[in-house]
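Undergrad: Provided herewith is a single structure, encoded as structure tokens, for subsequent inquiry.
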Amino acid sequence: TTTNNVVEETFTTGTDGKTGVGKSKTGNVILNNGNQFSCGSRGSSVTKICKTCDDIVSERWVTMVDTPGLFDTQKNNREVLNEITKCKMTAPGPHAFLFIFRIGRFKIEDKCTLDLFVKHFGENIFKFMVVIFTHYDDWKRDMENDSPTIHDFINTLPSQLQSIIQNKCNNRAVAFDNALKGLESRSQVAELISVIDIMNESNRKNGIEYYSNLDYEKAFIIRKKEILRRKHLRKMQRLEEETRVQNLIREAVDERVKNRLGMEQEKWKNK
Ligand SMILES: Nc1nc2c(ncn2[C@@H]2O[C@H](COP(=O)(O)OP(=O)(O)OP(=O)(O)O)[C@@H](O)[C@H]2O)c(=O)[nH]1
Ligand SMILES: [Mg+2]
């Protein structure tokens, strides 16, 4: 809402996803202010560190964080997730996570990207997640039907991802054609902002404002517990293996001693 030209509403959001899917370009399109975030069609990952930029979009301040992508061509996923965390967890916390996929054939790496992200930030992240499918222009070109919707595309995805979008993200998915200009481009941004508004409104009703440090700490504890559980499991497996080998040795020794004794007894009997 605006009162006397003062923008009251404000929110922080960021682009996340695999490298090269169009995160930075989408950030630029949302902010409508040119090339704040470097993007490009290159053979290796473009965005290396997070960058924050803000502007008025649909009558509110939007702070946008552009992040590097997972499966970066040089950095490992742990380094990328740490870089995203450093930037995302600046107070108070993001109101939305824009998880970006490139429209097209869904690959194992796409699923891994989402899994890694959710493992790192915890299941609570779904409350703030909106999925954006970029390269909508490619999809439109390929379709015979004149006006395919993004939900037509979602119906073609593997059922696991369909279910995540429909159930965990409450069907919050928007298509972006980042090649569009002018009004057409702004109308897709307005659609996204209205999806975020509805999400924020519903979160506020449940007493949640943004993804907080507490959400992150909860996820951190779950991750640590999982690491400890796996370590414990490996230790138990090692112990079991050691005991099994020791028993085998003992059995073999017992067998040899028994045979030896038998032979000695035979010798005595025959004397
Ligand atoms: N035609 C078309 N091109 C797009 C679209 N979205 C992004 N691109 C192009 O895809 C290329 C990669 O986009 P980036 O925004 O750099 O991708 P990124 O996810 O930020 O990549 P990294 O920073 O390397 O992880 C650029 O050349 C963009 O112009 C889209 O919707 N349609
Ligand atoms: Mg980028």
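The values are calculated or read from the model by the stated rules, or taken from the named source; none is laboratory data. The structure displayed is predicted, hence computed values, not measured ones. Cβ: placed from backbone, ideal geometry, glycine included. Neighbour counts: every protein chain shown.
This table checks each residue for (1) of a type in the set (Asp, Glu); (2) out of contact with any helix residue (DSSP H, G or I) (no Cβ under 6 Å at 6 or more places or on another chain); (3) surrounded by fewer than 22 Cβ atoms within 10 Å (Cβ to Cβ).
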| site | (1), (2), (3) |
| --- | --- |
| 72 | yes, no, yes |
| 105 | no, yes, yes |
| 126 | no, no, yes |
| 148 | no, yes, yes |
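Undergrad: Which one is nearest to residue 109 (Cα to Cα), of the residues in segment 11-41 that are outside any loop (DSSP other than H, G, I, E, B) and in contact with a His (Cβ under 9 Å, 6 or more places away or on another chain)? Don't jump to the end; show me each part of the working.
TA: Going residue by residue through segment 11-41, those that are outside any loop (DSSP other than H, G, I, E, B) are 11-18, 23-31.
Within this subset, residues satisfying the condition of being in contact with a His (Cβ under 9 Å, 6 or more places away or on another chain) are 11-13.
Details: 11: 30, 12: 27, 13: 24 Å.
Once the filter is applied, the top-ranked residue is 13.
Undergrad: Got at least one residue in segment 48-70 being touching a Lys or Arg at 6+ places or on another chain (Cβ under 7 Å) and away from ligand 2 (no atom under 16 Å from the Cβ)?
TA: no
Undergrad: Where the second residue is among the aliphatic types (A, V, I, L, M) and within 7 Å of ligand 1 (Cβ to nearest atom) and the first is without any contact (Cβ under 8 Å) to a residue 40 or more places away in the chain and lies in segment 25-43, which pairs have Cβ atoms under 8 Å and are six or more apart or on separate chains?
TA: 38/46; 39/46; 40/46
Undergrad: Within segment 61-82, which residues are farther than 23 Å from residue 36 by Cα and either outside the structural domain of residue 193 (by TED's automatic domain parsing) or acidic (Asp, Glu) (or both)?
TA: 79
Undergrad: Between 150, 103, 108, 132, which is within 16 Å of ligand 1 (Cβ to nearest atom) and under 15 Å from the mean Cα position of the chain (by Cα)?
TA: Working: 150 fails: under 15 Å from the mean Cα position of the chain (by Cα); 103 fails: under 15 Å from the mean Cα position of the chain (by Cα); 108 fails: within 16 Å of ligand 1 (Cβ to nearest atom).
Of 150, 103, 108, 132, the one residue that is within 16 Å of ligand 1 (Cβ to nearest atom) and under 15 Å from the mean Cα position of the chain (by Cα) is 132.
Undergrad: Then there's this: For segment 10-47, name all the residues that are touching a strand residue (DSSP E or B) at 6+ places or on another chain (Cβ under 7 Å), among the hydroxyl-bearing types (Ser, Thr, Tyr) and either more than 6 Å from ligand 1 (Cβ to nearest atom) or not assigned by TED's automatic domain parsing to the domain that holds residue 98 (or both).
TA: 10, 12, 13, 15, 26, listed by residue number.
Undergrad: Name the pairs whose Cβ atoms lie under 8 Å apart, with the first residue in segment 114-139 and among the basic types (Lys, Arg), the second part of a helix (DSSP H, G or I) and more than 16 Å from ligand 1 (Cβ to nearest atom), and 6 or more positions between them or separate chains?
TA: Listed by first residue and then by second, the contacts come to 119/219; 119/223; 127/199; 127/203.
Undergrad: What number of residues in segment 51-69 are touching a residue at least 24 places away in the same chain (Cβ under 8 Å) and more than 11 Å from ligand 1 (Cβ to nearest atom)?
TA: 13
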